[in-house]
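Taking it in order: structure first as structure tokens, then the write-up.
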Amino acid sequence: MKLLFLYLSLILFVSPVYGANKLNVITTTTTLKSIVESIGGPLVSVNSITKGPQDPHFIEAKPSYMVKARKANLLVAVGLELEVGWLPHIIRGSRNPKIVKGKAGYLDASSFITAIDSFPLLSDRSQGHIHRLGNPHFLLDPLKTIKVAKGISERLISLDNKNRFIYESNFKKFEQQILDLHQNWTTRIKKTSVEKVMTYHKTLNYFLKRYNLEHAGSIEAKPGIPPTAKHLISLVKKANQDKVTCILNESFFETNAGKRIQKSAPLHLEVVPTEVYSTPKATSYINLIEQLVLSVENCSKQLDK
Amino acid sequence: MFKHITVSLSFFMVFFMGSHSVYSQTLTSNPVQTLTKNLDSGVNALLLGRMGSLGNSPLADNPNGFQLQELELRFTSNIDAFLRGDITLAIESEDGEFIIEPEEAFVETLFIPSFTLKAGKFFANFGRHNSLHAHSFPFIDAPITNTYILGDEGLNEVGLSVSYLVPTPWYFEIIGQGLSASNDTLFGSPTNDDLAAVLFVKNLWELSDTSTLEFDLGYSNGKNSLDGTTHLYNSSLTYKWRPLEKSTSRSFSWTTEFLLSDRENSPTDKRVGGISSWAQLQLKKQWLLQARAEHLGLPKPDDGDINKYSALIGFVPSEFSMLRFQYDYIDDASQTKEEHRLSLQLNISMGSHPAHEY
């Protein structure tokens, strides 16, 4: 009994105190973490549930995530059902009433943007793992990200009003930086000979749309279901006919199928990051988009050779 | 098993959650979406084909041939800002007739920091396997240690539960449960006012970004029908690994669980214990390989040990369907029988499906 008491008192009183006075923010993805850090700077301490190389569609609701979420003042999620398979479980398990949906501590990033690729409400699962409410990879469009960053800064202000001016000025800085780079990215992509692009999953649709690149097909025939040989043959045919010059193969997915297409059609395959830290060079939000732009440029260079 | 109190509780909850969604439906122009938002409902169906070396002899636990193993209808919903409801109705064959049974029907709190209170009928938090629904069993059947010691239905009672997430750097949860002591195998208390206490402690450490270790301890006691007390002990250890990259095509997990019951004044099987250990290996996106070894005899049942070895191969086309093929070898000294058994199970999920426990 004495031992038990000692054990209990140890764990109750020796538990560490994390970042006193900082707003404790938890995000579902590393990309959101990078954006929150740009706005919050040293005023926030941010933890992401998924690690960079992990596909945020398929996360197990590990109890250790509940431990991370327990003390959070704010939870930022992508939304559009991206996290539907695991996040509700983590929120409940954390027993943190502040971050329950509908409370000030719960922020759904998708509420600040208009989604593309939304399906009619009655579409069914024979179409694969689809997101009924729309494509959740909107943060790969830098202009949509500005809207999300604004929403995040407003929420940080409502939770921590005394630092309002810092959040506001950080947001303005972030916005300007993205707008300037967006000019640069647009010009660089326009200069390449790339017009049509294949991807593995529909992860890059927002990015492609923003920079006027056409999505010429997905390697997976249906979301979440591996490609069949027949589907790959049709992609090879399409790549040859429609002059598709580039496969941007998201790093979450295998590259074997893409390489098989590359063997039979005059196009180039680049493995690209889709979240911050999903590849080693994508070390921040800006570097993530920079890597995507570089990959498009690489495709073009390889083909000009 | 089919308790009056549970039935009325679940009907009350269905009525409550159902009526709420109908109410919202009239307020918006988008009824389908509103309905799914307010009441998540889903169905799991388990279809089973079985062939055993003992055929349909009375010694065989299960008959040969095809059967509908179980249908689970599940309804979950946040009731309001304070409570969440969760109902699972199971339809299964018992003595040749299909019966519908409220497997779980409970409400739990959403608004109390660090604590969750739960009331209703539910699988007690007691060990790794007991709280699983049939569709999420790691193998086609439950471990013999669980079915022999806790009974076919497991420890599933009406009662209350309080769980506390202790503020430690690792996951440390203490769950105290007060349940009606009606489990026939363990307590068999004739009246509902006898309560069994169940204490469960769950620890999970994140060893690295890719692996976790879980160590759980459980203890329960309650009056039994023989004027004695039944004590139950449980401990389990689980290791899980899943890489960060290509996380859907590689994984490994290994669980070992020990169960012991001590039933005072019981004329048979006063002290029975057993150990069950199973591992799952995934090397390719849609394929699973599994193995399980079980030993009932720590201490021995009166009639002798039971040993069972199982191997399973699973094909998982998507998150919503799974085809599993299992081989069992059962060496049952109690009935001096040996059995080889093959089972094939199709496990499908329709509609909304809440996330599984880790």
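For a straight C-alpha distance cut-off of 13 angstrom, the aspartates and glutamates reachable from B:Lys285 (same-chain residues fewer than eight places away being disregarded) are A:Glu254, B:Glu245, B:Glu319. Diffusion coefficient of region B:314-358 by Stokes-Einstein, Kirkwood radius over Cα pairs, 37 °C, 0.692 mPa s: 248 µm²/s.
With the helix formula -39500 (n - 2.57) applied to DSSP H stretches of n ≥ 4, the protein assembly as shown reaches a computed 222 nm mean residue ellipticity of -8000 deg cm²/dmol. With each label modelled as a point 7 angstrom along the Cα→C-beta vector, the A:Leu181-B:Leu160 pair spans 5.5 nm.
Net charge dipole, region A:13-176: roughly 660 debye, given to the nearest 20, about the Cα centre with Cβ charges of +1 for Lys and Arg and -1 for Asp and Glu.
Annotation: lysines with alpha-carbon distance below 26 angstrom to B:Lys223 (same-chain offsets under eight excluded): B:Lys3, B:Lys118, B:Lys121, B:Lys202, B:Lys270, B:Lys300. Among B:Asn183, B:Asn265, B:Asn130, the largest mean-square fluctuation in a Gaussian network model of chain B (Cα springs under 10 Å) belongs to B:Asn265. How are the Cα pair distances of chain A distributed, in percent, across 20 Å bins from 0? Over chain A, the share of Cα pairs per 20 Å bin runs 31, 52, 15, 2 percent.
Across the protein assembly as shown the C-alpha pair distances fall into 10 Å bins from zero in the proportions 3, 13, 23, 25, 19, 11, 5, 2, 0 percent.
By the rule of a C-alpha distance below 26 Å, with chain neighbours fewer than 8 residues away ignored, the lysines paired with A:Lys301 are A:Lys190, A:Lys191, A:Lys196, A:Lys202, A:Lys209, A:Lys237, A:Lys238, A:Lys243, A:Lys259, A:Lys263, A:Lys281. For peptide B:348-357, the mean count of partner chain Cβ atoms within 10 Å of a residue's Cβ comes to 4.
Each listed q (0.09, 0.13, 0.19, 0.21 Å⁻¹) maps to a log10 I(q)/I(0) for region A:138-284, found by the Debye formula over equal Cα scatterers with no solvent: -0.37, -0.67, -1.13, -1.28.
Among B:Leu323, A:Leu80, sorting on how many other beta-carbon atoms sit within 10 Å of each Cβ, with the fewest leading, yields B:Leu323, A:Leu80. Given Cα positions, please report Rg to Rh for region A:13-176, the hydrodynamic radius being the Kirkwood one. My calculation puts Rg/Rh at 0.98. 3J(HN,Hα) couplings calculated from phi for region B:72-79 with the Karplus curve 6.51 cos²θ - 1.76 cosθ + 1.60 (θ = phi - 60°) are, in sequence order, 10, 9, 10, 10, 9, 6, 6, 6 Hz; Gly and Pro show x. With θ taken as phi - 60° and the Karplus curve 6.51 cos²θ - 1.76 cosθ + 1.60 applied, the whole-hertz 3J(HN,Hα) list for region A:131-142 is 9, 3, 7, x, 5, x, 9, 6, 6, 7, 9, x Hz, x standing for glycine and proline. Normalising the Debye intensity of chain B to I(0), with uniform scatterers on Cα atoms only, and taking log10 at q = 0.10, 0.11, 0.12 Å⁻¹ returns -0.68, -0.83, -1.01.
Using the Cα atoms as the points, what is the convex hull volume per residue of region A:92-208 in Å³?
Dividing the Cα hull volume of region A:92-208 by its residues yields 144 Å³.
The alpha carbons of region B:49-160 stretch over 54, 26, 21 Å along the principal axes, in descending order. Cβ crowding within 10 Å, taken as a proxy for footprinting-reagent exposure, orders B:Leu237, B:Leu232 from fewest neighbours to most as B:Leu237, B:Leu232. Amide hydrogen proximity for A:Ile225: with H placed 1.01 Å from N in the peptide plane, the residues at 5 or more positions away or on another chain lying under 5 Å are A:His129. Rounded to the nearest 10 degrees, what's the angle between the helix A:229-242 long axis and the longest principal axis of chain A, both from Cα atoms, 0 to 90? Compared with the principal axis, the helix lies near 60 degrees. Sorting B:Leu179, A:Leu43, B:Leu155, B:Leu283 by the number of Cβ atoms found within 10 Å of their own Cβ, with the fewest placed first, yields B:Leu283, A:Leu43, B:Leu179, B:Leu155. The phi-based Karplus calculation (6.51 cos²θ - 1.76 cosθ + 1.60; θ = phi - 60°) puts the 3J(HN,Hα) values of region B:47-55 at 9, 10, x, 9, 9, x, 5, 8, x Hz, whole numbers, x for Gly and Pro.
Computed from the coordinates by the stated procedures, all read-outs in this text should not be read as laboratory data. None of the values given here were measured: they were computed from a predicted structure. Counting neighbours? That spans all protein chains shown, and the Cβs are built from the backbone with ideal geometry, glycine included.
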